[in-house]
Amino acid sequence: MRVDNNPKIDTLINQLDLSEHIALFKHFFSRETSLYIEGDQELHYRYIKALDAIEFKAPPKVADFTNSKLHLKKHGVLQFEQIFEIIKVVRYFRYFKNKNLEGIIGEWMEKFVIEPKFLEVEKYFTHDGKFDENLDETLFGLSAKIKEHKANISSSLKRLTSSQKISPYLIDAQVHLVNDEECLLVRGGFNHVLKGAMVGRSSSGGFYVSPDVILKTKEQIRYINEEREAIFYTYAKEFSSRFAELLPFINFADKEFTKFDNYQARVLFAKGRDLQLIKSKKDSKIILDGFIHPALHHAKPMHVDFSKNILMITGVNAGGKTMLLKSILSAAFMAKYIIPMKLNEHKSHIGNFKHVLAIIDDPQNVKNDISTFAGRMQEFSKIFEHKDALVGVDEIELGTDSDEAAALFKVILDELILKGHKIVVTTHHKRLAALMADRDDVELMAAIYDEQNRVPTYEFMHGIIGKSYAFETASRYGISNKIVQEAKILYGDNSEKLNLLIERGSQLERELKQKHKKVDEKLYELEAKERDLKEEKIRIFQELQKEKNALKESYKIAIDEAKNAARAGDMKAIHRAMNEANKKLPPEKKEPKIAQIVEFKVGENVKYHSKKGVIIAMKDKNEAIVEVDGMRVRAKTSQLKHTQIIKQKSTTEVKLDVQKRAGLKCDLHGMRAEEATEVLDKFISDALINGWDEVIVYHGIGTGKLSYAVKEFLKAHPRVKKFEDAPQHMGGFGAKVVTL
């Protein structure tokens, strides 16, 4: 079924106020196609959801290939524009293939193997579809000649404008382009001084004249262009011949692009307008949570549980009954065609129906001499021709006596149920609702009315029959209280059954308030638990700090013992002291993992995949709307990372592996002065980092140059307190003991 060519579907779209939504959706397609995706809807939905999880650029606008493929099949010659349309599709698939995606999208892209023959044609077209004349020596030369001739024409015209003979007749000194002809704008009488062809008149009465002096050059350009066109035709013929051989590949690319176009349009439409992707399930249950009809702006989200066979909507005038009916039918229609919509996709459930049928408008028509009720009967008779449909009827008793209609429509609804239909009806009257209220397969919903302020709330309550509030509405719109009171007396009391149902509604409302109270209490308990968790986190952190401080103190004792051993100058004693120090270090203890609760707020900078963006809205704690590169993206908070990290004061980092610390001596023997100072600089830095306050540097005696460089360096170093020649047994004049 092709939605675009089906008048009944177009009528349904108009009836459900979806025309603007569908029109916006179609703008995301690369080329005109059906809204319905032929084939396995479950498989299509898997591809759509997989595509929704990745970032990609929209495909280019592409023409239909039908005529081009027909020409190739008959060995015809395609125009460059038709050839480039095919190239655009293949280039886009190459772009997607080069993303090296995983999963079903990656597997799909692997099926595209581009033939070398195709590449031989593609290389002749630039990114914007122009033929690259630089690849053909003859064309390149002809283009150069045309440029040369055009330069000559420009020079000739400039000479004419500067001519003293012609200048009195010139209206301006510009070169004009009229009807693709270069010309001058002159006054009357120009023919005495200028020979040429008049190509037009100006609004001020001047004449656009193409001088004869450039005719010869323009004729030469025309001959060159004819030669170029002949070469272009030769290429087009050659390219078409190669594409004819690649017709199976082109058919495959065309078919797959149509399918991909259906997928990407849904994904980008949903992302661009913050909508959700949901498809119909394999049953007839309808549960809508947070649904907003596309035609409504700043509307209250709707919550509907329509699991039974019939949903009867009653209540106040202008309370939203008709829009609720349209919303239920619209959700079913859009889910059937996987058209993005606004709702909570995780809590909603939409069944699948062969047909979605609506009886909404008044069928009365002067031309066909048909009454409202007769027209309704005609529409109902057509519904009996279908099976397993979702049917919506607005004002079911419209056009006839409500008592008779109640009996008639009760039987009609029973028969429609037997044919597998699921039915939504709205009514102002309570007769039919009262007849069917005690049935298990009937769900009641009533529009809620604010009696105190005497206005509809556009909200609904399950399980009750709503009052129409005709008297209250009349008073609100200026009917006198005397008339309203007399009408109330004439109306009398409602039937006992209706009173019981209305009382049941009040009872349900009280039960709903109790449930809200329980939910609030549960929320308070959860908040208390959250506070306890935060306090536990602080306590664990303090214990961790305490253990770190103890470890730091123990480490300091171990280091001091190692330093004392180092001052003795005995390497064996150093090693013994280091071993003893290691024994005194406490055993390594794993730090307890503290659960990090990452919270996101509106306005925070975040990173989504490889893109940076800003949170512009929070749907709940687990989902956010992020603006990335000018586009709004719906993302889980688990996929987001903060880009502004708040650095906390960190405690002193303690390393346990003492043997890997820097040494106490630095040997510079054999080094040049420049190299030695670099090594010495790093050695002193390492010694300072590791806590040494005394080290020894060996430089030898030699020529004295290295010794001099070391002294000068140590004098200039800001962290060197003093230095002196080492004792005789530690190197004497060939070494320095440095105090840090």
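Any read-out appearing in this document is the output of simple, stated calculations on the displayed coordinates, not a laboratory observation. Everything numeric in this text was worked out from a predicted model, so none of it was measured. Backbone-built Cβ (ideal geometry, glycine too); neighbour counts: all protein chains shown.
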Listing Thr258, Thr217 from the residue with the fewest other Cβ atoms within 10 Å to the one with the most, what is the order? Thr217, Thr258
Checked the range 135-232 with the C-alpha gyration tensor, a ≥ b ≥ c its square-rooted eigenvalues, rounded below a/c of 1.5, otherwise prolate if a/b is larger than b/c and oblate if not; verdict prolate
Where a ≥ b ≥ c are the square roots of the eigenvalues of the C-alpha gyration tensor, would you call the range 1-108 rounded, which needs a/c under 1.5, or, failing that, prolate if a/b is larger than b/c, or oblate? oblate
FRET efficiency (Lys145, Ala295; Cβ distance; R0 60 Å; to 0.05) is 0.45
Taking the simple approach of a point 7 Å from Cα along Cα-to-Cβ for both Glu20 and Asn191, what is their distance in nm? 6.2 nm
Distance check, please: which entries in Lys282/Lys522; Lys279/Lys387; Lys74/Lys97 exceed 24 angstrom between their Cα atoms? Lys282/Lys522; Lys74/Lys97
Read phi for every residue in the range 293-310 and hand back ³J(HN,Hα) as whole Hz from Karplus 6.51 cos²θ - 1.76 cosθ + 1.60, θ = phi - 60°, with x for Gly and Pro. 5, x, 7, 9, 10, 6, 8, 7, x, 9, 10, 10, 10, 10, 8, 8, 7, 10
Hz values of 3J(HN,Hα) by residue in the range 321-328 - Karplus curve (6.51, -1.76, 1.60), Gly and Pro given as x: 4, 5, 5, 5, 4, 5, 5, 5
If amide hydrogens are placed 1.01 Å from N in the peptide plane, which non-local residues have theirs closer than 5 Å to the one on Ala358? Gly392
Given a Förster distance of 30 angstrom, what is the FRET efficiency for Asp128 paired with Lys73, based on the Cβ-Cβ distance and rounded to 0.05? 0.60
Here the gain from full extension of Lys721 to His669, 0.36 nm per residue of separation minus their alpha-carbon distance, amounts to 16.3 nm
Exposure proxy order (Cβ contacts within 10 Å, fewest to most) of Phe373, Phe384, Phe333: Phe384, Phe373, Phe333
Pop a pseudo-label 7 angstrom from the Cα along the beta-carbon direction at both Glu521 and Val175 and give the gap in nm to one decimal. 9.1 nm
Calculate, in nm to one decimal, what Leu119 and Asp10 gain on full extension: separation in residues at 0.36 nm each, minus their alpha carbon distance. 35.0 nm
With a cut-off of 8 Å between alpha carbons and a minimum separation of six or more residues, what is the relative contact order of the range 1-96 in percent? 25 percent
Taking Asp254, Asp438, Asp180, Asp681 and counting other beta carbon atoms within 10 angstrom, the fewest-first order is Asp180, Asp438, Asp681, Asp254
Distance violations [Cα-Cα > 22 Å] among Lys529/Lys621; Lys150/Lys195; Lys342/Lys410; Lys26/Lys285; Lys308/Lys518; Lys26/Lys611: Lys342/Lys410; Lys26/Lys285; Lys308/Lys518; Lys26/Lys611
Shape call, the range 87-158: gyration tensor on alpha carbons, a/c limit 1.5: prolate
Full-extension gain in nm, Met631 to Leu688, via 0.36 nm per residue minus C-alpha separation: 15.3 nm
Return the FRET efficiency for the residue pair Leu490, Thr457: r is the Cβ-Cβ distance, R0 is 25 Å, and the value is rounded to the nearest 0.05. 0.30
Report the charge-dipole magnitude of the range 235-305 in Debye, nearest 20, computed about the Cα centre from +1 at each Lys and Arg Cβ and -1 at each Asp and Glu Cβ. 160 debye
About the Cα centre of the range 139-242, what is the dipole size in debye to 20, counting +1 per Lys and Arg Cβ and -1 per Asp and Glu Cβ, all else neutral? 220 debye
Residues of type lysines that Lys711 reaches as a straight line, Cα spacing below 20 Å, ignoring anything fewer than 8 places off in the same chain: Lys665, Lys682, Lys721, Lys722, Lys736
Calculated from backbone phi, Karplus (6.51, -1.76, 1.60) coupling profile of the range 674-686 in Hz, x at Gly/Pro: 4, 5, 5, 5, 5, 5, 5, 4, 5, 4, 5, 4, 5
Near the amide H of Glu115, under 5 Å away, which other amide H atoms are found, from residues 5 or more places off or on another chain, if H is placed in the peptide plane? none
Lys619 long-range amide H proximity, modeled H, under 5 Å: Ala624, Ile625
